[in-house]
Amino acid sequence: EIIEATYTDVGKVGLQIYDKNWASVDNDDTPIDCNSSTHTLICGELNVTFIPDHFSFQELNITNHNGPDHNFTYIANEYDIMSAKIQTQIKALNKKGAVTQNFRAGPLYYENNISVTTDITASAYLHPNANESNISNNLIGFTAGTRDILWNESSYPLRFNFTRDMHREHNPFVVTGSQLSININSKYIDTENNNTADINGSRINDADGNTTFYYARVRPSVFFRDGITDNSVDTPIAIDLYCDLGFTLCMTTYNIDTIMGSTGNPYWWLALNHNVSKNDGNITLIKGDPAAGDWSVTNTVNINNTAYDKDINVSRGSILPLPTTVHIELDTSSSAKTAPWLIYNKDDPSPPSPLEIVRFIDSASWSGVGDTGHVIDINASNKKIKRLSW
């Protein structure tokens, strides 16, 4: 005879079974219990572990790196600090779909290790397979059978980004929830007989939300700022976004302002929404060649919803003789100094060196070169100014 035992939650249950009628004919001369060496009862006991039937993702959406109110994510290799985010709610369920309340953290409860893997493919991108953070066989702290993983989760985040080439720009692209698959597994092992059970759950290509990925670069307004007769000069630094899909498509589909964001280059546009305070990426400048002398450059580039910092100043100091040329470099010693996802060098997969050159000259040698570095016509009869676009 098979006796079916059901339990709606997870946990360990001690099961004891007695058949009092199996040998009742001998009750007059045989002990009626389970403690004697001979007895009239059939007795048995078993420790039973009830586990979830499956897991579900009740909520699932993707968002940009700074949350639902942010409208972009930079393409970056450093997906641990610059990435799109996955937000979800995981539930441990019984066979009828009810939440198993005892699947929770704590010594008196029955949470089990879980692994969560994601898969995102962006066919529009040069490197279509995303780099993803996953959860690998961890106790992540369920409460009453539920675990919320928010977009800004710090302990067990789910995030993704794509491989970025420093020397190979790319058009923006959108990743939607329909491109996300997510799976969960929890492996149970019976310590008495080594039997195993895999409890799973998944959602395939039906998440909500979307993310827009930009390829960005930092650049000086002028690479070679020549003929500076003053002791110092302002050298604006800007951040651009790449898009060569046409003015209208770049603006309407990818939210790049091709009117106010014009740089004079039809493929690069000012990153008008870049905000250092929202962790979009820092830029730090340092002195290059010559290392000696008391010349200086403003170190911190402060860009908050302006796309450029016009207050970067390079000063010759008082020691270097004239004429003299100084090189400004990016501080690439850490991602906190200069975000790698903002570094671009069309000629080589390494940071540009130098980022900018400034040449100071004696005012007596000035001959048709303005302090801003713009070339002008020295013919007094010609009033048209010829300038280099910045």
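FYI, it's all coordinate maths here, none of it is from the lab. Predicted model, so just to flag it, every value in this text is computed and none were measured. Cβ coordinates were reconstructed from backbone atoms using ideal geometry, including for glycine residues, and neighbour counts include every protein chain displayed.
Points to keep in mind about this one:
- Shape category assigned to segment 172-299 from the gyration tensor of Cα positions, a/c cut at 1.5: oblate
- Rounded to the nearest 20 debye, dipole of segment 134-282 from Cβ charges on Lys, Arg, Asp, Glu: 80 debye
- Per-residue 3J(HN,Hα) values for segment 47-64, derived from phi via the Karplus relation 6.51 cos²θ - 1.76 cosθ + 1.60 with θ = phi - 60°, read 8, 10, 9, 8, 10, x, 7, 6, 10, 9, 9, 6, 10, 7, 8, 10, 8, 6 Hz in sequence order (x marks Gly and Pro).
- Mean-position separation - Cα centroids, segment 272-297 and segment 86-105, in angstrom: 48 Å
- Over 20 Å apart at the Cα level, from the set Lys91/Lys187; Lys85/Lys187; Lys12/Lys95; Lys85/Lys346, are Lys85/Lys187; Lys85/Lys346.
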